[in-house]
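Peer 1: I have a structure I would like to understand better, so I am pasting it below and will then ask my questions one at a time.
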Amino acid sequence: MSPKVLVVPVAYNEKIKLRNVIERFLTSQMPSLADYLIVDDGSDDGTTEMIASYRDRGVMSIKHQQRRGVGAAIRTGIEYARAQGYDIIVIMAGNDKDNPQEIPQLLGPIISEDYDLVQGSRYLGKVGSGGQMPFYRKFATRLHPWVFSLFSGRHLTDTTNGFRSIRLGIFDDERINLKQEWLDTYELEPYILWKVITLGYKYTEAFVTKIYPPKKLGGYTKMVPFVSWWSILKPLFYLRLGIKK
């Protein structure tokens, strides 16, 4: 029997780019292989109404009444998937940086090789696959995997890439506690990856592209320099030093 798969883009005020995300998914081969749930993190720019216009095409959504953070949105998607009996969740960006045609590359190792997490990597043996990133993003996306690899003792190439697939059964492990408030923003993604690796679950990386849409469509990212960078770095320090669990 084929596993039950849920694809979850998360978005906040992405009316223009998210429409393209949805259209790319619906015109790919994926609707026959997976369900689709958008977690809307309190958008107030018309994103919510745009998503609703796709309801009759099988697009589901959950909306936070106020903005809670990307980590909280991913947690909502995971909780929904587990409650509805899905086997695998695929997390992807709602700002059109990820290619839905590449979802099978993230699913294959879980389905056929029994992996628990497949981390998408734009740096896995390919050249020019990171899109037109601004310099500070290139620096940050190289620094984080270096620190992560140093602290965990496991080599990874792209630890800030949110495009990944996860076997939902790992969240039965009480040592993985997603309900901590400190994980509400950018901390949750590196937290899950750290836990999977340090608890001995089976993980791998798979090549994916990461394309940055033109800045005129709303900017490269909603990350705030220094504040958001610390959010993705601090789980490594907190967990390595035993400050948090």
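Peer 1: So, of the residues in region 29-42 that are part of a loop (DSSP other than H, G, I, E, B) and of a type in the set (A, V, I, L, M), which turns out to be nearest to the chain's Cα centre (by Cα)?
Peer 2: So the residue we want is A34.
Peer 1: Then there is this: Just checking, which of A83, A34 is surrounded by fewer than 16 Cβ atoms within 10 Å (Cβ to Cβ), within 25 Å of M1 (Cα to Cα), at pLDDT 95 or above and of a type in the set (A, V, I, L, M)?
Peer 2: Unique residue meeting the criteria: A83.
Peer 1: Determine which member of the set S43, S61 is within 24 Å of T27 (Cα to Cα) and either modelled with pLDDT under 95 or surrounded by 13 or more Cβ atoms within 10 Å (Cβ to Cβ) (or both).
Peer 2: Exactly one of S43, S61 is within 24 Å of T27 (Cα to Cα) and either modelled with pLDDT under 95 or surrounded by 13 or more Cβ atoms within 10 Å (Cβ to Cβ) (or both), namely S61.
Peer 1: Do any residues in region 137-150 that are crowded, with 16+ Cβ neighbours inside 10 Å have Cβ atoms under 8 Å from those of residues that are of a type in the set (D, E), where the two are at least six apart or on different chains, and which pairs are they?
Peer 2: Filtered contacts from region 137-150: T141/D158; P145/D158.
Peer 1: Anything in region 144-181 that is of a type in the set (A, V, I, L, M, F, W, C) and either touching a Cys at 6+ places or on another chain (Cβ under 9 Å) or in a loop (DSSP other than H, G, I, E, B) (or both)? List them, or say none.
Peer 2: Scanning region 144-181 gives L156, F163, I176, L178.
Peer 1: Right, here's the next one. Please state which of the following conditions S112 fails to meet, knowing it meets all the rest: (1) over 18 Å from L26 (Cβ atoms); (2) among the hydroxyl-bearing types (S, T, Y); (3) touching a residue at least 12 places away in the same chain (Cβ under 8 Å); (4) not in a loop (DSSP other than H, G, I, E, B).
Peer 2: Against the list (1) over 18 Å from L26 (Cβ atoms); (2) among the hydroxyl-bearing types (S, T, Y); (3) touching a residue at least 12 places away in the same chain (Cβ under 8 Å); (4) not in a loop (DSSP other than H, G, I, E, B), S112 comes up short only on (3).
Peer 1: Would you point out the residue of region 168-196, among those that are of a type in the set (D, E) and touching a residue at least 12 places away in the same chain (Cβ under 8 Å), that is nearest to Y238 (Cα to Cα)?
Peer 2: Out of the qualifying residues, it is E187.
Peer 1: Assuming D45 fulfils every condition listed in (1) under 30 Å from D173 (Cα atoms); (2) of a type in the set (D, E); (3) in a loop (DSSP other than H, G, I, E, B) apart from one, which condition is it?
Peer 2: (1)
Peer 1: Of the residues that make up region 58-71, is at least one part of a helix (DSSP H, G or I), more than 28 Å from Y191 (Cα to Cα) and over 20 Å from the mean Cα position of the chain (by Cα)?
Peer 2: No; the residues of region 58-71 include none that is part of a helix (DSSP H, G or I), more than 28 Å from Y191 (Cα to Cα) and over 20 Å from the mean Cα position of the chain (by Cα).
Peer 1: Of all residues in region 1-31, count the ones that are crowded, with 16+ Cβ neighbours inside 10 Å, more than 19 Å from I103 (Cβ to Cβ) and of a type outside the set (D, E, K, R).
Peer 2: So the answer is 3.
Peer 1: Still on this model: Taking I89 and the conditions (1) outside any strand (DSSP E or B); (2) of a type outside the set (D, E, K, R); (3) surrounded by 16 or more Cβ atoms within 10 Å (Cβ to Cβ), which numbered condition does it fall short on, given that it satisfies the others?
Peer 2: (1)
Peer 1: Counting just the residues of region 18-28 that are part of a helix (DSSP H, G or I) and among the β-branched types (V, I, T), which one comes out nearest to the chain's Cα centre (by Cα)?
Peer 2: Result: V21.
Peer 1: Say whether the condition of being of a type in the set (S, T, N, Q), touching a Ser or Thr at 6+ places or on another chain (Cβ under 8 Å) and under 25 Å from S228 (Cβ atoms) is met by at least one residue in region 101-109.
Peer 2: No, that holds for no residue.
Peer 1: While we're here: When I211 is evaluated against the numbered criteria (1) at pLDDT 95 or above; (2) of a type outside the set (D, E, K, R); (3) surrounded by 14 or more Cβ atoms within 10 Å (Cβ to Cβ), which criterion, by number, is the only one it fails?
Peer 2: (1)
Peer 1: From the list S152, S165, pick out the single residue that is at pLDDT 95 or above, in contact with a Ser or Thr (Cβ under 7 Å, 6 or more places away or on another chain) and among the small types (G, A, S).
Peer 2: None of the others qualify; the one that does is S152.
Peer 1: Being of a type outside the set (A, V, I, L, M), surrounded by fewer than 19 Cβ atoms within 10 Å (Cβ to Cβ) and closer than 11 Å to Y12 by Cβ: is that true of R55 here?
Peer 2: It is false that R55 is of a type outside the set (A, V, I, L, M), surrounded by fewer than 19 Cβ atoms within 10 Å (Cβ to Cβ) and closer than 11 Å to Y12 by Cβ.
The values are calculated or read from the model by the stated rules, or taken from the named source; none is laboratory data. All values derive from a computational prediction rather than experimental measurement. Quick reminder, even Gly has a Cβ in these numbers, built from the backbone with ideal geometry, and neighbours come from all protein chains shown.
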